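Engineer: Here it is, the structure, as structure tokens.
Coordinate-derived values only; no laboratory data. Quick caveat: nothing in here was measured; it's all calculated off a predicted structure. All Cβ positions, even for glycine, are placed from backbone atoms using ideal geometry, and neighbour counts span all protein chains on display.
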Amino acid sequence: MSLELAVAAGVTAGTVLLFAAIGELFAERAGVINLGVQGMMFVGALVGFRVGLQTGDAWVGILLAMLAGGALALLHGIVSIHLQADQIVSGLALTFLGTGVALVLGEGLASAGSGALLPVYSVPLLSDIPILGPAFFTNQSVLVYVGYLLVPIASFWIFHTRPGLHLRAVGEQPAAADALGINVYRVRYAYVIAGGAFAGLAGATQSLAVVPGWHADKTFIAQGWIAVALVIFGQWKPGRTMIGAYLVAFISRLALDLQAPRDIFGLENPFFYYQPSTFFLNMLPFGLVILVLIVAAREANRKRIGAPAALGLPYVRGERGR
Amino acid sequence: MPRRHLLPFRIVAERRLEAPRGLGLLTTLGGIVVALVISGVLIAVIGGDPIGSYAHILRASLGSSGVLSDTLVKATPLIFTGLASSIAFRMRLWNIGTEGQLLMGAWGASAVVLFGLLPAGTSPFITLPLMMLAGFGVGALWAGVAGWLKARLNVNEIITTLMLFWIAQRWIQYWVFGPWSEGGFQMSPRFPREAWLPRLTDFASAVPDLGGLTVHLGFVLALVAAGLIWFLLSRTRKGYEIRLIGDNPRAARYAGIDIGRNIILVMLISGGLAGLAGASEISGVVHRLQDNFSPGYGFTGIIVAFLARFNPIGVVVAAIAFGALILAGREIQPAGIPAMIQGIILFCVIASDVFLRYRVRLEAR
């Protein structure tokens, strides 16, 4: 197993984390935490796979997965924006609900195999670059390239456009944004729903491109929660978030690949398949997420940067914020 | 041009300054009823039989003294995890990974037995307290890591406690696949009798009616824990600090309360309670350490805590209700239905809170 192929596999799996994290980033920039990412991803994976299987067209599956994710996020929006319930609790409820609904609707689908698939492409010229070419631009799913394009677009949108300015204003100073004539509620709903659609896309990416098929409760282990962590690591910026997504996915992939060879450099591999020690290897991705959060927290404390100021707080017109 | 309205009335919401006494319980119950109706409709839509399912849950969980005892067995770890979530959430400290602390508590209690530190035939009066202490201690340390990171570096505790859950899961797998595996199976050897929490059925030779009742001493420990946490939260200075930090951290800081210390302390207590859930479960029910012995008691404990509005006595009631759902839910197909119902209940209960904050009425146009 060459390093390029390991990176390529990490980038494929990282695209799932990337979509989910970018969606969460948009919602949090508007001041709404949505901890239901994992639930929305489960529903997205199920809808994407099931519709793709029935229609034979993966793109229809992706579209409906995004709609389903958006619909679930709308539920979170109503409960946390208008009914002013605690965003953290509402998001947790969404995780329970989404996971449960996906398992109920996916009953019996696990044996359905893998249905409609998405095309893979190699980019001419770019794929010829040594190391980077085989890792990033050879035989990658079309969705991976969507991920490459999404990051600069999201970054430009947030930092260099008028709607992006409004988005940041709503997340930082909703009362001031309201005074300037920005409809705080509309902006929050829009980005919460968009975030859900991205989570749905992330789910469909998993079930249609990364690990094709429906794998019931094993479809995702922790991806939804890792996505939430990546937004914090990324300091609410798409570029840094992308680096985190690919890094965590690469290490997760490496933990699997390291179990394959019988010996490494002539030495017996202590992590060969089914050795009890492999469980320590499988802890790596989760340990890495904690480590990455510690690094981010230290940097945030030093540079005095942090989350959007109004993150997690409901906005009530005419009332003083907490 | 007169505007046309969709509804012949309008909804008026006025901010309440203070919620009337007892309204909290009323809205919670209302939320649960609405949730059960919504769940019923969903079950019907996917071709199930909602009335039959609900009747089955009631019959299979409360229908006889035998199943009632089984319900209390399922409720026991939920009381512990519900308390663990309640005390942390009361301070707005989001320990979501109680499931991991539960696993580590089970590991700690197992270690007392399986490392062979105690000679065979040691009195249960020594073995059992040591197991519970180890369960509390290891669970507390596991959560304490996240607490320390939160207090000292402001690392998000939601993520760290959850990541520590997945690490704990693999830690358990290592021990039951590796050093503690019995004959290559994914479980430890069975504990000796002195490591079993006494069950009612153990006294059947004296009182025959108790035969087959599996409720164990852990249930009593859980009730004691509920009483202690109630006392701590509502009758002590520490409890007042915890509540003040939860309600208004800024005021707490001005009052000179050391928030970091309280974060670590509450995390230790919360993790310890979750650890007790694991310790009492393997000592009272499973009698060995194995993979997947918990069907998510930690995660369900989160919902139990919210249903009880973090009130320790309410936790006991809610835990018994969810114990019934878990017990009867094992036979309900498709398997995702209990998780779906739990999610809908949580949604409806927190949504119903709007009636606590606002006086809502309808007005004719």
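Engineer: Quick one: which residue in B:104, B:132 is farther than 15 Å from residue B:168 by Cα, out of contact with any strand residue (DSSP E or B) (no Cβ under 9 Å at 6 or more places or on another chain) and of a type outside the set (S, T, N, Q)?
Structural biologist: B:132
Engineer: Could you go through region A:55-65 and let me know if any residue there is free of Cβ contacts under 8 Å to residues at least 60 places away in the same chain and assigned to a loop (DSSP other than H, G, I, E, B).
Structural biologist: Yes: region A:55-65 contains one or more residues that are free of Cβ contacts under 8 Å to residues at least 60 places away in the same chain and assigned to a loop (DSSP other than H, G, I, E, B).
Engineer: Can you pull out every residue in region A:44-79 that is over 21 Å from the mean Cα position of the chain (by Cα) and within 14 Å of chain B (Cβ to nearest Cβ)?
Structural biologist: A:78, A:79
Engineer: Which of the residues that make up region A:66-86 are closer than 17 Å to residue B:35 by Cβ and part of a helix (DSSP H, G or I)?
Structural biologist: Answer for region A:66-86, where residues must be closer than 17 Å to residue B:35 by Cβ and part of a helix (DSSP H, G or I): A:72, A:75, A:76, A:78, A:79.
Engineer: Which helices (runs of 4 or more DSSP H) does region B:228-313 wholly contain that include 2 or more residues that are among the hydroxyl-bearing types (Ser, Thr, Tyr)?
Structural biologist: Of the helices (runs of 4 or more DSSP H) lying wholly inside region B:228-313, those with at least 2 residues that are among the hydroxyl-bearing types (Ser, Thr, Tyr) span B:259-281, B:297-307.
Engineer: Now for a different question. Away from every other protein chain (no Cβ under 14 Å) and either under 24 Å from residue A:306 (Cβ atoms) or touching a strand residue (DSSP E or B) at 6+ places or on another chain (Cβ under 7 Å) (or both) - does that describe any residue in region A:83-104?
Structural biologist: no
Engineer: Now for a separate question. Is it the case, given these coordinates, that residue B:329 is free of Cβ contacts under 8 Å to residues at least 24 places away in the same chain and either farther than 19 Å from residue B:61 by Cβ or not charged (D, E, K, R) (or both)?
Structural biologist: no
Engineer: Which of the residues belonging to region A:87-108 are outside any helix (DSSP H, G or I) and surrounded by 20 or more Cβ atoms within 10 Å (Cβ to Cβ)?
Structural biologist: A:106
Engineer: When only residues in region A:147-192 that are among the polar types (S, T, N, Q) and under 24 Å from the mean Cα position of the chain (by Cα) count, which is surrounded by the fewest Cβ atoms within 10 Å (Cβ to Cβ)?
Structural biologist: A:161
Engineer: On to the next question. When region B:333-348 is examined, which residues are found to be facing chain A (nearest Cβ under 7 Å), among the aliphatic types (A, V, I, L, M) and out of contact with any Gly (no Cβ under 6 Å at 6 or more places or on another chain)?
Structural biologist: Correct list: B:335, B:337, B:344, B:346.
Engineer: Further question: Checking residue B:319 against (1) surrounded by fewer than 17 Cβ atoms within 10 Å (Cβ to Cβ); (2) in contact (Cβ under 8 Å) with a residue 40 or more places away in the chain; (3) more than 14 Å from chain A (Cβ to nearest Cβ), only one condition comes out false. Which one?
Structural biologist: All conditions pass for residue B:319, except number (1).
Engineer: Look through B:236, B:214 and report the one residue that is surrounded by fewer than 17 Cβ atoms within 10 Å (Cβ to Cβ) and within 22 Å of the chain's Cα centre (by Cα).
Structural biologist: The unique qualifying residue is B:214.
Engineer: Another question, then. Tally the residues that are within 21 Å of residue A:275 (Cβ to Cβ) and either within 8 Å of another protein chain (Cβ to nearest Cβ) or of a type in the set (Ser, Thr, Tyr) (or both), restricting the search to region B:155-174.
Structural biologist: 6
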